[in-house]
Amino acid sequence: MSRPNVSLKDLSHDLGKHYSIRPNLDSVQELESYDDRMFSFSTEGSGEKLIAKYYNTTLINKKQLTVLARVLDALDGFNTPKVRLAIGQTPIVEVSEGLLVLFRRIPGEILGSRPQPPSFWHSLGRIVAQISLQMATVDSSDFHRELDWDPRLTSRNLISLRLPEGVDREKVMACVRRMERTLKELPVQLSHADINEYNILVDEEHGMGLIDFNDMIMAPRVVEIAHCLAYMIHSQQLNTEVGRNIMKGYGEYIKLCEAERSIIYDLVVSRFGLSCAMGQQKIDEGTANGYVTKCVQDNVITLAGFLRLGRDSFEEEVLKD
């Protein structure tokens, strides 16, 4: 899956033609991303920061992006706890390198791996639950789609991919098979599907924000919280207490059934297994950037840690009431 090939000349041309904006080229900074291209910049004569995002059309089309904008408008009504979203107020335009959308830059810093107090993780769990409840009211055929990250397709996608050295493929595949059997029996709803540490904004004045909704799919609701747990525990050096606090906040709004709870560990392992394999493919093809390479290195360590921890200990430390 290639990323859009965009130069500063292309960026300047597209912004001028479609948005009547002239970027200050000295202020342009590319933001690292996996599949798309994002450029942060200020306009000439203004200090306001904007972001131009080139979407990869193998992931999302114009109609899906339009539906997504409506979903984000609905979610923006949350204010307890505060949820802020990157919503493009300008038209979605088709360009030679995919789709282009202009965003205002939202205040806040990417969460990343910075430590946070237990109250933060509790609030995050509440936010994930609130978003999940809101998304359950939206049934759009445009998001009944197959993406590489869809957990229900993990075994199919892993067949042709090589896991990095040091990863126990048999243990990963056992989790994948168990997860896929159960997911088939669960109802689906709209899901962000990628609540990781780089898609959460933290700002003392405005609260917490969530960005990057273009991987949304229809999937069982447990996928959302499981992937959130996977990435947050990963970002905090496998601190399972973080996961426990997230689940406490989540549980205030949503009570998962036993079938859902039984595959959270499998979803966590499967997500990192697929992430490692897809990143390794980019490395093997020579198309990986520094961001992808570091992700693979970090994810291999995390996956090994979750496999050592095991299902029983994970459920005792994260899921037990």
List the residue pairs whose Cβ atoms are under 6 Å apart, where the first residue sits in region 173-187 and is under 12 Å from VAL222 (Cα atoms), the second is of a type in the set (A, V, I, L, M, F, W, C), and the two are 6 or more positions apart or on different chains. MET179/ILE263; MET179/LEU267; THR182/ALA259; THR182/ILE263
Out of all the residues in region 225-264, which are touching a Phe, Trp or Tyr at 6+ places or on another chain (Cβ under 9 Å) and of a type in the set (Val, Ile, Thr)? ILE225, ILE233, THR240, VAL242, ILE246, ILE264
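Of VAL202, VAL300, VAL292, which residue is open to solvent by 10 Å² or more (accessible area, probe 1.4 Å), closer than 30 Å to THR66 by Cα and β-branched (Val, Ile, Thr)?
Details: VAL300 fails: closer than 30 Å to THR66 by Cα; VAL292 fails: open to solvent by 10 Å² or more (accessible area, probe 1.4 Å).
Testing whether each residue is open to solvent by 10 Å² or more (accessible area, probe 1.4 Å), closer than 30 Å to THR66 by Cα and β-branched (Val, Ile, Thr) leaves just VAL202.
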Within region 118-132, does at least one residue satisfy the condition of being farther than 30 Å from LYS63 by Cβ, open to solvent by 60 Å² or more (accessible area, probe 1.4 Å) and not polar (S, T, N, Q)? yes
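Checking the conditions here, which among LYS49, LYS53 is within 26 Å of the chain's Cα centre (by Cα), within 17 Å of PRO91 (Cα to Cα) and not aliphatic (A, V, I, L, M)?
Only one candidate passes the filter, namely LYS53.
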Over region 40-66, the set of residues farther than 23 Å from ARG3 by Cα and either at pLDDT 85 or above or in a helix (DSSP H, G or I) (or both) is SER42, THR43
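The values are calculated or read from the model by the stated rules, or taken from the named source; none is laboratory data. What you see is a predicted model; the values in this text were computed from it and never measured. Cβ: placed from backbone, ideal geometry, glycine included. Neighbour counts: every protein chain shown. SASA here: full protein model, heavy atoms, side chains in, ligands and nucleic acids out. Shrake-Rupley method; radii C 1.70, N 1.55, O 1.52, S 1.80 Å.
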